[in-house]
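Remarks on the structure that follows.
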Amino acid sequence: MIDELHTAAIQVEFENTACPNCASAGNKSVYTFTDKFGSYNVVRCKYCQLSYLNPRPTKSTIGIYYEAAQYTPFLSSGSGRSLFGRVYTVIRKYSVRWKRKKIERYRAGHSILDIGCGTGEFLSEMQSNGWTACGLEPSQEASEFARKTYHLDIKTGFIDHKDLEFSISRFDVITMWHVLEHVHMPLQALDRVCTLLADDGLLIIALPNISSFDACAYKRDWVALDVPRHLLHFTPDTLKSVLHKAGMEIAKQHQMPLDTVFNCLISEKKIMEKAPWYTIPFCQLRMTLLILISWIVGLNNKRGSSVMYYIRKTKS
Ligand SMILES: [Zn+2]
């Protein structure tokens, strides 16, 4: 279906989709959202349980949503001036170091590809610590920022572009930090990732977890639903199913504690914008409690707010 935007001269195309994992058309609506651009349903597949957006913006027009004023992809580079922006910037600084240490503790390696590298802070951390770092980023603006600021080898484009070539043919480590939930065709993307990964390589995927405690607590206000930019909403079980089709399996997983803080912080911010009668002390108290409970519940590997997955190939 095609919806006319209320905004003059801008048009977004919507498409209906079967389950991106099992191709079944059977699904159940979980949440419905409406904004000036259209209506979106987060649905759950009746067969494989994957949650996904349907209808969704087409790949050729979804970029409009990334250009929306409220989307802040460059927050990490220091443009966030609000209290929330400053807190997030501090968290990001520690987050990249935490990620590097987690990877180095699990696997020694020389080469790394970060898919959806954004403005390049994580890759810069890896490059500074002796890794040969390559990046892939759809945004021209973010790619240029990463090249100029950190002198990184960044390609601009999408993972499923067939003519995309890197200076290294197979990487020891490939990372996808909060990327797979944005992809229209996850099976094709993971097939491509598999060909770029060394046979004994490590794929790291980080994803929000729609079965987490805070997702269940905040429901439709949970920031990681991020409609309509997030097209897929994984649980550890649905990711396992998708990876199996791509010839890969999860070797290890754990929660990402800083992401829990971020998800609760921004979810509270969303609620306060919608319902200003909530007082700041009330929201701060609720947020603190939810973060603490989410961390405890997240010690169960399947319930973390965001989960970091360590993935290996099951076929060459
Ligand atoms: Zn399905």
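Beta bridges per DSSP, both residues in the chain: antiparallel share near 65 percent. Taking the Cα centre of the chain as reference, the dipole from Cβ charges on Lys and Arg (+1) and Asp and Glu (-1) amounts to some 1000 debye. Measuring between alpha carbons in the structure, the pairs from LYS36/LYS270; LYS46/LYS162; LYS28/LYS240; LYS93/LYS269 lying more than 23 angstrom apart are LYS46/LYS162.
According to the Cα-based calculation, Rg over Rh for region 192-316 is 1.06, with Rh computed by the Kirkwood formula.
Here the 3J(HN,Hα) profile of region 89-96, calculated from phi with Karplus coefficients 6.51, -1.76 and 1.60 at θ = phi - 60°, is 4, 5, 4, 4, 4, 6, 4, 5 Hz, Gly and Pro shown as x. Each 10 Å bin, from zero up to the one with the longest distance, holds this percent of the alpha carbon pairs of region 276-316: 24, 30, 24, 13, 7, 2. Sorting 212-221, 157-166, 231-240 by their mean Cβ neighbour count within 10 Å, with the most densely packed peptide first, gives 231-240, 212-221, 157-166. Take 304-315, 194-205 and order them by the average number of nearby Cβ atoms within 10 Å per residue, most first; the result is 304-315, 194-205.
For a Förster distance of 22 Å, can you work out the FRET efficiency between the beta-carbons of GLU104 and ILE168, rounded to the nearest 0.05? Taking R0 as 22 Å, the efficiency between GLU104 and ILE168 is 0.75. Helix content alone sets the calculated 222 nm mean residue ellipticity of the chain: runs of n ≥ 4 DSSP H residues at -39500 (n - 2.57) each, divided across all residues, give -11000 deg cm²/dmol.
Treat the chain as a sphere of radius equal to its Kirkwood radius over Cα pairs and apply Stokes-Einstein at 37 °C in a medium of 0.692 mPa s; give the translational diffusion coefficient in µm²/s, rounded to a whole number.
In µm²/s, the coefficient rounds to 162.
Just name one of GLY118, VAL90, ALA108: the one whose Cα is farthest towards the positive end of the charge dipole of region 79-125 (beta-carbon charges, Lys/Arg +1, Asp/Glu -1). The one lying farthest along the dipole's positive direction is VAL90. Directionally averaged projected area (region 141-219, Cα convex hull): 7.3 nm².
Between THR175 and LEU113, ASP114, ILE115, ILE204, the built amide H atoms are under 5 Å apart, and every one of these is 5 or more places off in sequence or on another chain. This ranking places SER128, SER211, SER267, SER60 by how few other beta-carbon atoms lie within 10 Å of each, fewest first, which gives SER60, SER128, SER211, SER267.
Where a number appears in this text, it was derived from the coordinates with a stated rule and is not lab data. Just so we're clear, the structure is a prediction, and the values are computed from it rather than from any experiment. So basically every Cβ, Gly included, is an ideal-geometry build from the backbone, and we count neighbours across all protein chains shown.
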